[in-house]
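One structure is given here, and the rest of the page talks about it.
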Amino acid sequence: MLTREENDLLCRVEGDAPMGQLMRRHWIPALLAEEVPGPDCDPVPLRLLGEDLVAFRDSDGRVGVMDRHCPHRRASLVFGRNEDCGLRCLYHGWKMDVDGNVLEMPSEPAGSPMLQKVRHKAYPTHEHAGFVFVYMGPRESMPAFAPPPYAPTADARCAVVKIVVDCNWAQVLEGAIDSAHSSTLHSTDMQPARVDRAKATRDVWLRPSTDRAPRLVAERGDFGFKYAALRRPIANAAVDDYVRVTVFVAPFTVLIPPNNLYRVANINVPIDDTHTMFHFIAWTPGAEGEVDAEGWRKFCGAQVGVDVDREWRKVRTVHNRYLQDRQAMRLGSFTGIKGIPHQDIAMWETMGPIADRTNDRLGASDLAIVEFRRIMVEAAQAMRDRGVALGAGAGWSHLASFEGVVPKTTDWRTLGAPVHGAQPATA
């Protein structure tokens, strides 16, 4: 359990909240490159850490992310004209470039000194592997961009499910690092089978274990922590373990154990205190082939125009009970809810906009949850008291998750990637 003060430290991201200030010291995946597909395309509304922003790609192909409201009279720039290397407000024609320079003020007299005095709030951006990243912290603290572990090279192939979730980022992330729930909540989509490792088909993920109560062990590192869920395999249980190693990379990334076709990651970017942009990523290094992006979205029940709209808002909501099919449950579906992400979302959102962790009753299967909370509450305190941002400025592209059947004598800490500054974790 957490105290109310600790829960606020963990969850709040708006304004001067320490957790939000910590996140601002990292490069944040703000949107997908496909949302700004070409020069002078439509501007895109964006909200990050409680700030209303607008994104656009200018005539030279550069992506800008800036305050959504014109510096003149605060009209929305989402409705502006994207033209001639700038975004022009419809109200009086003021035009800003990707760096926040005001290029034109048609409503002011020629030669007005206002043109040199006014500057619009704009944030640095960097494109990489299909994402547009933004840095929202102090310029003097801005680190060089380092590739994330879910796209360690520019040619990494990422298929991305993106959904707006109506709750706080921390309960979304806790779901991503909770290995124990997958054997229950996702049991229809993640089925036990006599396979040598996790296998993905068009319709299901197969696992070599029927064990629903894994033993958990964890270890901290400079980036966050990693942990292993140890299960009995279907075959050779006397000598082998089925091991799934999950990696939490602070502040909002989870590397989920892979399967035979692709690697999996989850990134949860806070829109504000009570909404989260959830990304579920299937990816491969460039040399290993390409994931079918539309097939991935279809498997997850997250196709644009079918399951989510153009602003990533979902069709399945708490108000229509996530379109839960009770007849399908009677015929064998465990949840009656289509798609792994939506099964999770139904759990996360029904905890409330911000989960009350003072009432939790945690058990042995929650070791990773306990470790996440400890690390991030401590990180928020360090940001508040000393201005230190956990994991900022470092490169973690070498980190990797793991899954497989291995001899019981195997040290799980050697699987995946080594941990820098390792410290054992306790429940």
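The values are calculated or read from the model by the stated rules, or taken from the named source; none is laboratory data. Computed from a predicted structure; not experimentally measured. Ideal geometry is used to build each Cβ from the backbone, glycine not excepted, and the neighbour counts take in all protein chains shown. Heavy atoms of the whole protein, side chains included, go into the accessibility calculation; ligands, DNA and RNA do not. Shrake-Rupley method; radii C 1.70, N 1.55, O 1.52, S 1.80 Å.
Here is a check on your reading of the model: is LYS162 of a type in the set (D, E, K, R), modelled with pLDDT of 95 or more and open to solvent by less than 10 Å² (accessible area, probe 1.4 Å)?
Criteria met by LYS162.
Could you please give the count of residues in segment 121-148 that are open to solvent by less than 10 Å² (accessible area, probe 1.4 Å) and either free of Cβ contacts under 8 Å to residues at least 60 places away in the same chain or within 15 Å of the chain's Cα centre (by Cα) (or both)?
Of the residues in that region, 4 qualify.
Look through segment 344-368, keep the residues that are open to solvent by less than 50 Å² (accessible area, probe 1.4 Å) and of a type in the set (Asp, Glu), and return whichever of them is nearest to the chain's Cα centre (by Cα).
Among residues in segment 344-368 that are open to solvent by less than 50 Å² (accessible area, probe 1.4 Å) and of a type in the set (Asp, Glu), the one nearest to the chain's Cα centre (by Cα) is ASP344.
With a cut-off of at least 2 residues that are of a type in the set (A, V, I, L, M) and either open to solvent by less than 50 Å² (accessible area, probe 1.4 Å) or in contact (Cβ under 8 Å) with a residue 40 or more places away in the chain (or both), name the strands (runs of 3 or more DSSP E) lying wholly within segment 6-106. Steps first, answer last, please.
Values: elements: 27-32, 44-48, 51-57, 63-67, 81-83, 86-88, 102-104.
In segment 6-106, the matching strands (runs of 3 or more DSSP E) lie at 27-32, 44-48, 51-57, 63-67.
Tally time: how many residues in segment 369-418 are hydrophobic (A, V, I, L, M, F, W, C), in a loop (DSSP other than H, G, I, E, B) and free of Cβ contacts under 8 Å to residues at least 60 places away in the same chain?
The total comes to 1.
Could you check segment 89-126 and list, in sequence order, the residues that are within 15 Å of ASP58 (Cβ to Cβ) and among the aliphatic types (A, V, I, L, M)?
Correct list: MET96, VAL98, VAL102, LEU103, ALA122.
Going through ALA176, ALA151 one at a time, which residue ends up being assigned to a helix (DSSP H, G or I), out of contact with any Leu (no Cβ under 7 Å at 6 or more places or on another chain) and buried (at least 20 other Cβ atoms within 10 Å of the Cβ)?
Testing whether each residue is assigned to a helix (DSSP H, G or I), out of contact with any Leu (no Cβ under 7 Å at 6 or more places or on another chain) and buried (at least 20 other Cβ atoms within 10 Å of the Cβ) leaves just ALA176.
Hey, can you tell me all the residues within segment 312-343 that are open to solvent by 90 Å² or more (accessible area, probe 1.4 Å) and under 30 Å from ASP42 (Cα atoms)?
Matches in segment 312-343: ARG313 only.
Which members of segment 179-188 meet the condition of being buried (at least 18 other Cβ atoms within 10 Å of the Cβ) and at pLDDT below 95?
Listed by number, the residues that qualify are SER179, ALA180, SER182, SER183.
Condition first: in contact with a Pro (Cβ under 7 Å, 6 or more places away or on another chain), under 18 Å from VAL165 (Cβ atoms) and of a type in the set (Gly, Ala, Ser). Can you find one or more residues in segment 302-309 that meet it?
So far as segment 302-309 goes, yes, one or more of its residues are in contact with a Pro (Cβ under 7 Å, 6 or more places away or on another chain), under 18 Å from VAL165 (Cβ atoms) and of a type in the set (Gly, Ala, Ser).
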